[in-house]
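Beneath this line is the structure, given in structure tokens, with notes to follow.
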Amino acid sequence: MTRMPFLDRRTLMAMMAKSGIGAGALTAWPLLAAPWPRNIVADPRFTDYPFALGVASGEPAPDGFVIWTRLCPRPAEQHYGMPRAPMVVNWEVAAEESFSVILAKGEALASPELGHSVHVEVGGLSPDRVWFYRFRIAGQVSPVGRSRTMPLPGVRLERLRFAVAGCQHYEHGHFTAWKHIAQEPVDFVFHYGDYIYETNEKGAQTLTIQGHDFPRARRHNNDEPYSLDDYRQRYAQYKTDPDLQAAHHAAPFWVSFDDHEVDNDWADRWDQDDTPPEVFLYRRAAAFQAYYEHMPLRRSSMPDGSRMKMHRNARYGDLVNAFVLDTRQFRSDQIGEAEKLQGGEKLAPMTPAAYDPARTMMGDAQEKWLFDGLADSTARWNLIAHQVMLMHLVGRGKGGAKGYNMDRWSGYMHSRRRLLSHIDKACPGNVVTVSGDAHRHYAGDVLQDEGAPGSKAGKIITSEFLGTSVSSGDDGMGELNTPQQLADNPALKATIDRRGYVLCDVGREVWHADLKVIDKVSAPGGKLSTYASFAVERGDPGVKKG
Ligand code: FE
Ligand code: CA
């Protein structure tokens, strides 16, 4: 028998009693789901460091969080330097970085079926404090991650700080924004998606962005992903980035996906190439599995084929009730996609089709979940954390023609109306939204549109802080198009084309947000500054300078 000895339930309980922790402190799965598989590698040996992708934590709760790693000693190779068999990884949680007292520990399975990823749902910890975690296997120790439990729901909380970031194209620039986020004193990070980019413009040494050529900072090491192995390799390459690892090591994440985790501008069962939906769903399933394998997600988000539950709620004391949305998986297909593809144009004229009540951004079930959650919320603030722009901004296409981006809420005007009417009715004045995808910072008021029933047109319903990208769009064009965009859109208060992130600092009366920018990402060492600072006062929706 090559079987590895595993902890049976009795040994486990004895161990827990000795260490003074309750049964809830150790994850119920897979630890208690003994026995381990028969083909387990009893005595693993690694020639390369198995924790090359670092560690991560996420999905915080008052009593714990998910801790993640993936055994991946050779990230660029097809089988990533791992045997085709499962292994057991040890994990530890402590209150001090020195790990002098280990307060929770256990074993978890790294299976080839899941790319040797490890997801542990740690529980039984005390609320509202910092924790440290690490993994071990075969004498190798992972980097130490820092995480944080939430305060108990309803408990008075004075302050909450978080970063909003995403859109990290590996070829467009260095992840300097993540290096800076790692140094911010945040309680969590919200990732609005585009964690990877599936695109591959083979051979081209320069990028053409808005008519300007930029040399590529780095290169993807595989072709456009379709299979699970392809996506795994893409994630592994991104995950080797030290700045991205530093951010994950510093704070828990609430992650969400947008389009590029699967394919540019996908919507529900439809991709941008008119692939038959039943065929595209196989690609979506592969992409979802690879996404799950690389994110600190709970088992409740483990994909079931091409479906994955990603909308979820997080309550930070009595201060912030956060709703993380999924605006890709259940949305109606984009309007005018064929025209867009023909002209290479992102913008389209507004059309009555966008107001079709049958068109949806979230799907009926998610919309009901959000609306019920907002109606029941007693928090000082509600946060809607989503992926694409909620402000209805007019843009300029080729030759200065005005148009709207149909991949954003502007292509789903009836959904947008319903959401804004509901906010106006259920929790007026205490909702703030954050999003991304646009590869520029945008801060502004979110207004109800003309003709919407229930609340009058032009009324400011909520505010939006749309984070620019970590690297997508290279160094950017700065304020080149800023005056035109501000002139065209009175609701818009600031915009700039630079890389960076949004930093939110939420108090009981005022919600502060800083638009952080980095002067360049085409080379490492870009300098960080604050482009603009805003405040939202509770009870008075809309952004003010400050
Ligand atoms: Fe993006
Ligand atoms: Ca996107």
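Return yes when G473 is of a type outside the set (S, T, Y) and under 24 Å from the mean Cα position of the chain (by Cα) and no when it is not.
Details: of a type outside the set (S, T, Y): yes; under 24 Å from the mean Cα position of the chain (by Cα): yes.
For G473, the condition - of a type outside the set (S, T, Y) and under 24 Å from the mean Cα position of the chain (by Cα) - is met.
Would you mention how many residues in the stretch 328-358 are farther than 21 Å from R269 by Cβ and either surrounded by 15 or more Cβ atoms within 10 Å (Cβ to Cβ) or at pLDDT 95 or above (or both)?
At the first step, the residues of the stretch 328-358 found to be farther than 21 Å from R269 by Cβ are 342-352, 355.
This time we only want the ones that are either surrounded by 15 or more Cβ atoms within 10 Å (Cβ to Cβ) or at pLDDT 95 or above (or both), so: 346-348, 350, 355.
The number of residues fulfilling the criteria is 5.
When the stretch 234-277 is examined, which residues are found to be over 30 Å from V144 (Cβ atoms) and away from ligand 2 (no atom under 16 Å from the Cβ)?
Once the filter is applied, which keeps residues that are over 30 Å from V144 (Cβ atoms) and away from ligand 2 (no atom under 16 Å from the Cβ), the stretch 234-277 yields R269, D273, D274, T275, P276, P277.
Could you look through the stretch 228-238, keep only residues that are in contact with a helix residue (DSSP H, G or I) (Cβ under 6 Å, 6 or more places away or on another chain) and more than 20 Å from E201 (Cβ to Cβ), and pick out the one that is surrounded by the fewest Cβ atoms within 10 Å (Cβ to Cβ)?
Step one: list which residues in the stretch 228-238 are in contact with a helix residue (DSSP H, G or I) (Cβ under 6 Å, 6 or more places away or on another chain), which gives 228, 231-232, 235.
Subsequent filtering for residues that are more than 20 Å from E201 (Cβ to Cβ) retains 228, 232.
Details: L228: 17, R232: 26.
Result: L228.
Residues in the stretch 248-264 that are surrounded by 21 or more Cβ atoms within 10 Å (Cβ to Cβ), within 16 Å of ligand 1 (Cβ to nearest atom) and over 11 Å from the mean Cα position of the chain (by Cα): how many?
Adding up the residues that qualify gives 4.
Return the residues of the stretch 454-473 that are touching a strand residue (DSSP E or B) at 6+ places or on another chain (Cβ under 7 Å), closer than 17 Å to H260 by Cα and not hydrophobic (A, V, I, L, M, F, W, C); say none if nothing qualifies.
G467, T468, S469, S471, G473
Restricting to the stretch 47-82, name every residue that is out of contact with any helix residue (DSSP H, G or I) (no Cβ under 8 Å at 6 or more places or on another chain) and over 24 Å from H191 (Cβ atoms).
Scanning the stretch 47-82 gives T47, D48, Y49, P50, P73, R74, E77, H79, G81.
In this structure, does Y231 turn out to be outside the structural domain of V120 (by TED's automatic domain parsing), assigned to a helix (DSSP H, G or I) and touching a Leu at 6+ places or on another chain (Cβ under 9 Å)? It would help to see each step written out before you state the result.
On the way: outside the structural domain of V120 (by TED's automatic domain parsing): yes; assigned to a helix (DSSP H, G or I): yes; touching a Leu at 6+ places or on another chain (Cβ under 9 Å): no.
When the stated conditions are applied, Y231 does not pass them.
Can you pull out the residues in the stretch 418-429 that are surrounded by 21 or more Cβ atoms within 10 Å (Cβ to Cβ) and more than 23 Å from the chain's Cα centre (by Cα)? So that I can check it myself, show each step before the final result.
Quick first cut of the stretch 418-429, residues surrounded by 21 or more Cβ atoms within 10 Å (Cβ to Cβ) only: 419-420, 423-424.
Those that are surrounded by 21 or more Cβ atoms within 10 Å (Cβ to Cβ) and more than 23 Å from the chain's Cα centre (by Cα): L420, I423, D424.
For the stretch 424-537, which fully contained strands (runs of 3 or more DSSP E) count at least 3 residues that are of a type in the set (A, V, I, L, M) and more than 18 Å from Y192 (Cα to Cα)? Quick ask: steps written out before the conclusion?
Working: elements: 431-435, 441-447, 460-466, 492-496, 499-506, 510-518, 528-537.
Once the strands (runs of 3 or more DSSP E) in the stretch 424-537 are filtered for at least 3 residues that are of a type in the set (A, V, I, L, M) and more than 18 Å from Y192 (Cα to Cα), what remains is 492-496, 528-537.
Of the residues G154, G145, G166, G211, only one is of a type in the set (G, A, S) and within 16 Å of ligand 1 (Cβ to nearest atom); which?
On the way: G154 fails: within 16 Å of ligand 1 (Cβ to nearest atom); G145 fails: within 16 Å of ligand 1 (Cβ to nearest atom); G211 fails: within 16 Å of ligand 1 (Cβ to nearest atom).
Exactly one of G154, G145, G166, G211 is of a type in the set (G, A, S) and within 16 Å of ligand 1 (Cβ to nearest atom), namely G166.
Please go through (1) more than 16 Å from ligand 2 (Cβ to nearest atom); (2) under 26 Å from the mean Cα position of the chain (by Cα); (3) closer than 23 Å to V502 by Cβ for I460 and return the number of the only condition it doesn't satisfy.
So I460 meets the others, but not (2).
Which of the residues that make up the stretch 424-475 are away from ligand 1 (no atom under 16 Å from the Cβ) and polar (S, T, N, Q)?
N430, T433, Q448, S455, T462, S463
For the stretch 203-218, state whether one or more residues are in a loop (DSSP other than H, G, I, E, B), under 28 Å from A61 (Cβ atoms) and either charged (D, E, K, R) or at pLDDT below 95 (or both).
Start the filter on the stretch 203-218 by keeping residues that are in a loop (DSSP other than H, G, I, E, B), which leaves 203-205, 210-211, 216-218.
From what's left, under 28 Å from A61 (Cβ atoms): none.
No, the stretch 203-218 has no match at all.
For the subset of the stretch 173-202 comprising residues that are modelled with pLDDT under 95 and farther than 16 Å from D259 by Cβ, which member is farthest from ligand 1 (Cβ to nearest atom)?
If we take residues in the stretch 173-202 being modelled with pLDDT under 95 and farther than 16 Å from D259 by Cβ, then K202 is farthest from ligand 1 (Cβ to nearest atom).
Just to be sure, is A287 in contact with a helix residue (DSSP H, G or I) (Cβ under 9 Å, 6 or more places away or on another chain) and more than 16 Å from ligand 2 (Cβ to nearest atom)?
On the way: in contact with a helix residue (DSSP H, G or I) (Cβ under 9 Å, 6 or more places away or on another chain): yes; more than 16 Å from ligand 2 (Cβ to nearest atom): no.
No; evaluated as a whole, the condition is false for this residue.
For K545, state whether it is surrounded by fewer than 17 Cβ atoms within 10 Å (Cβ to Cβ) and modelled with pLDDT under 95.
Values: surrounded by fewer than 17 Cβ atoms within 10 Å (Cβ to Cβ): yes; modelled with pLDDT under 95: yes.
Yes; evaluated as a whole, the condition is true for this residue.
The values are calculated or read from the model by the stated rules, or taken from the named source; none is laboratory data. None of these values were measured; they are calculated from a predicted model. Using ideal geometry, Cβ is built from the backbone for each residue, glycine included, and neighbour counts are taken over all protein chains shown.
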